[in-house]
1. Net charge near Gln219, counting Lys/Arg +1 and Asp/Glu -1 over other residues with Cβ under 12 Å of its Cβ?
2. For Kirkwood radius over Cα pairs in Å, one of (i) 23.8; (ii) 18.4; (iii) 17.4 was computed from the structure I shared and the rest are decoys. Which label?
3. How would you order 204-210, 18-24 from highest to lowest mean count of nearby Cβ atoms within 10 Å?
4. Within the chain, how many Lys pairs that are eight or more residues apart, or on different chains, come under 16 Å at the alpha-carbon?
5. Counting each DSSP H run of 4 or more residues in the chain as -39500 (n - 2.57), what helix-only mean residue ellipticity at 222 nm follows after dividing by all residues, to the nearest 500 deg cm²/dmol?
6. Among Gly65, Thr11, Trp89, whose Cα lies farthest out toward the positive end of the dipole of segment 3-105, if unit charges sit on the beta carbon of Lys, Arg (+1) and Asp, Glu (-1)?
7. Are there GluC sites (Glu not before Pro) in segment 98-167 that DSSP marks as loop and that have at most 10 other Cβ atoms within 10 Å, and which are they?
8. Which value in nm describes the separation of the simple spin-label points at Met99 and Asn223, placed 7 Å from the Cα toward the beta carbon?
Amino acid sequence: MPILIPTLSLTFDHRIKTHQINRWRGAFNEMAQHSDDLFHNHIGDKTYHYRYPLIQYRCQNGQAGLVAINEGVNAVQRLLSEKEWTIRWNGRPKALNIMEVVPEDHYLTMTDHPYRYRIQQWLPFNKENYQSWLAASNYIERIKILEKILVGHLLGFAEAMEWRLPQRLEVDIQFVHNMEKVLHHKNNLIGFDLTYSCNIDLPPYIGIGKGVSHGFGWQRQVNE
């Protein structure tokens, strides 16, 4: 059965670059005074919630932004109704104004025909599947490995939404547009920009894979 997923996309009038997303995340959490662990996924100073992040920070066309999902929507709305919208940036207070608000209620459902998605800086690998990818004998085998990882990430998202897929998930990677080294938590990882199709109608601008709360792996639906 389809389930309803509320999302909220916010874009602020604060210009940042992609490599500053982690800094933007920290500044927003300082403004929130760590009032809700949905904003940061920390338990105390050294422990983390190992769960799908429901608040994801972005650089959207050079502007600071975020995407909230499910309970994250209520947390963001509550924060912005209670707090003065001021962060500290370069050691100074910086007032935030919202440039764009996009609320949406999206039905997460499987489809008869595949939808196509473009995913940006997707971080697929852990140590084990990275070694399998390196050891693959050709490009086709590497694509198959990436497809298997992507299936796992999509199933992980579905599980986080408490949604049981009623039929088999089909994933097809169609184009790899870019592959580059990226830095995440002081680790050098490989990020992929690619186009894929699957038989799920996914909410817009959600993140998939590692590092989604830091702007990695966000995606959008694309036409032919």
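Each value in this text was obtained by applying a stated rule to the coordinates, not by laboratory testing. Everything numeric here is computed off the predicted structure, so don't read it as measured data. Don't worry about glycine lacking a Cβ; one is built from the backbone with ideal geometry, like all the others, and counts go over all protein chains shown.
1. That sum, taken over residues with Cβ under 12 Å, equals +3.
2. (ii)
3. Numbers: 204-210: 21.6, 18-24: 16.6.
The packing order, highest mean first, is 204-210, 18-24.
4. Numbers: Lys83/Lys94; Lys127/Lys148; Lys127/Lys181; Lys127/Lys186; Lys127/Lys210; Lys148/Lys210; Lys181/Lys210; Lys186/Lys210.
Total qualifying Lys-Lys pairs in the chain comes to 8.
5. Working: 4 runs with 55 residues, N = 224.
So the helix-based figure for the chain works out to -8000 deg cm²/dmol.
6. Trp89
7. Values: sites: Glu100, Glu104, Glu128, Glu141, Glu147, Glu159, Glu162; in loops: Glu162.
Hits after loop and neighbour filter: Glu162.
8. Reported label-point gap for Met99 and Asn223 is 2.4 nm.
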